[in-house]
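First the structure, in the form of structure tokens, and then the observations on it.
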Amino acid sequence: MQTLDGRWYQMMAIPYVKQHDNQNDGVIITFNDITELKKVQNKLSRINADHDTFIYAVSHDLRGPLANLFIIISMLKETLKSYSDIPFYEDTKELIMLIDKSTTNLNTIINELSDLAKIEGDIDLKEKVNVEELFEEVELSMKEKLLSSKAQINYDLREPVIEFSKKNLRSILFNILSNAIKYSSSDRTPEIWITTEKLGDYTLLSIQDNGIGISEDQQKNIFGAFRRAHNHVEGTGIGLYLVKKTVTNAGGDIELESEVDKGSTFKVYFRNDPEEGYVK
């Protein structure tokens, strides 16, 4: 509660029982001054709001020039087609392709920064998601990657439903599956094992691969923003950070088990809603 002078107090009521000849029941009411705590909380809220506003502003301001760059690159590609016989044609073409690639990467980073700003305020309602149907959608969206890598996906869906935001769950699955293919070993065909099961208050989704794995010293930082365990393939290092934030914001958790040249297993714990009859 806040008083007229602007100070905040936390009120606590403790039951009081006095038993002598006459029984007298009541309560002891105490007031704790939490004004300084409130000031700190308000300051943190303003910092978070300013942080989100800054990211939105930067990403918005960069999109205009970036769109112009895409147009210019497209025009350069078309123009170059008419001059295939000029000296240094192949070198010029390669330079344009490098610029195009870097611009595309920059666009990806801007999009992921926008996602990073939105994730804290994400209040998407949970729904009962059919896991098998969602995996079919995700597989279809990454069909080219699966075909080119010849990856094999094996399912053991003991729990057919996960209660979560469908679009967020789709993003989680896409991120982890994409990494399983991206960091596959050149010595063997990529294999991915996906299981779901009920585990106490949670539904556990496990995604295991036989890829190159992650060293022990890299594992502790793998869910940090802009952290990458391998640099031989492209990436921004923010995908798993977004996965972690999405899951923990909804009361769940994610763990990694990995061994170099053996593969990795991501275990995602989705907290069940006790109102739906789950174990509390």
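The values are calculated or read from the model by the stated rules, or taken from the named source; none is laboratory data. On a predicted model such as this, the values are computed, not experimentally measured, just so you know. Virtual Cβ from ideal backbone geometry, glycine too; neighbours counted across all protein chains shown. The protein model used for the area step is the full one, side chains on, heavy atoms only, and it has no ligands, DNA or RNA in it. Shrake-Rupley method; radii C 1.70, N 1.55, O 1.52, S 1.80 Å.
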Among the residues that make up region 173-195, is at least one of them modelled with pLDDT of 95 or more and open to solvent by 80 Å² or more (accessible area, probe 1.4 Å)? yes
Per the list (1) modelled with pLDDT of 90 or more; (2) closer than 25 Å to I212 by Cα; (3) touching a helix residue (DSSP H, G or I) at 6+ places or on another chain (Cβ under 9 Å), residue check on S141 breaks on (1)
Scanning region 238-254 for residues that are assigned to a loop (DSSP other than H, G, I, E, B) and crowded, with 16+ Cβ neighbours inside 10 Å, the one modelled with the highest pLDDT turns out to be G252
Looking across region 154-169 at residues that are at pLDDT below 90 and not polar (S, T, N, Q), the single one that is most open to solvent (accessible area, probe 1.4 Å) is K167
- Report yes if G235 is at pLDDT below 85, exposed (fewer than 15 other Cβ atoms within 10 Å of the Cβ) and touching a helix residue (DSSP H, G or I) at 6+ places or on another chain (Cβ under 8 Å), otherwise no. no
